[in-house]
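Data first, discussion second: the structure below is written as structure tokens.
Readers should treat all values here as calculations from the given coordinates under stated rules, not as data from a laboratory. All figures in this text were calculated on a predicted structure; none of them were measured in a lab. Heads up, the Cβs are rebuilt from the backbone with ideal geometry, glycines too, and the neighbour counts pull from every protein chain shown.
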Amino acid sequence: MFNGTGTGGLFDVDDFTLTGGGGPTDPPPAPVNLALGKPATADSSCAAIEGPEKAVNGSVSGGNADKWCSVGGSKWWRVDLGTATTVGRFVVKHSGAGGENAAWNTRDFDIQTSVDGATWTTRVQARANTANVTTHTIGPVSARYVRLNVLAPTSNTDMAARVYEFEVYAS
Ligand SMILES: [Ca+2]
């Protein structure tokens, strides 16, 4: 406790300075997932709770309904970033990333980009994947739409494509 004897202020604070923030030793800002929460569509869904939006909900820990799943004849998923945006890296979180069978990790897939949703350019051709999480870095391009085409959904006889999260980054 501070006790004073007069009627004036005990302390006068004219100004003070907080240091830190923006200094050269601060870590760089975390990369922004451009796909997070953006409108997503797909060829089909295995169940209503496994819709395309589950691949951009920012979570892989919500159990097997935290993914997009498709058993369609031509399995594709796409996201609309809203406006033409520089994209340079994709991160795909497959079955094993959500706690399901790693043999169901998407085996063969292409990633395409488009500025108009009509003309698509293939940017990534991933083959024989077995990893739970795959990262695909490309020379940065401008894109509004990003599409995943699943060519072989799993490494065994299971026919469902499962994507827990599809992330898009500028670099
Ligand atoms: Ca998810």
*Scan (1) in contact (Cβ under 8 Å) with a residue 40 or more places away in the chain; (2) surrounded by 15 or more Cβ atoms within 10 Å (Cβ to Cβ) for the single condition Gly139 breaks and write down its number.*
(2)
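Of all residues being outside any strand (DSSP E or B) and within 16 Å of the ligand (Cβ to nearest atom) in segment 145-171, which is nearest to the chain's Cα centre (by Cα)? Just the residue, please. Walk me through it before giving the result.
Pass one, segment 145-171, residues outside any strand (DSSP E or B): 153-160, 164, 170-171.
Going one step further and asking which of them are within 16 Å of the ligand (Cβ to nearest atom), we end up with 160, 164.
Working: Ala160: 20, Tyr164: 9 Å.
Among residues in segment 145-171 that are outside any strand (DSSP E or B) and within 16 Å of the ligand (Cβ to nearest atom), the one nearest to the chain's Cα centre (by Cα) is Tyr164.
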*asked:* Can you pull out every residue in segment 47-71 that is touching a residue at least 40 places away in the same chain (Cβ under 8 Å) and either more than 14 Å from the ligand (Cβ to nearest atom) or surrounded by 19 or more Cβ atoms within 10 Å (Cβ to Cβ) (or both)?
replied: Lys54, Ala55, Val56, Val60, Asp66, Lys67, Trp68, Cys69, Ser70, Val71
_Condition first: within 16 Å of the chain's Cα centre (by Cα), outside any loop (DSSP other than H, G, I, E, B) and not β-branched (Val, Ile, Thr). Now tell me which residues in segment 43-62 satisfy that._
Pro52, Glu53, Lys54, Ala55
*Being in a strand (DSSP E or B), among the aromatic types (Phe, Trp, Tyr) and more than 17 Å from Tyr169 (Cβ to Cβ) is the filter here, so list the residues in segment 70-110 that pass it.*
Trp76, Trp77, Phe109
*Complete set of residues in segment 117-157 that are closer than 19 Å to Leu36 by Cα and of a type in the set (Val, Ile, Thr)*: Val133, Thr134, Thr135, Thr137, Val141, Val146
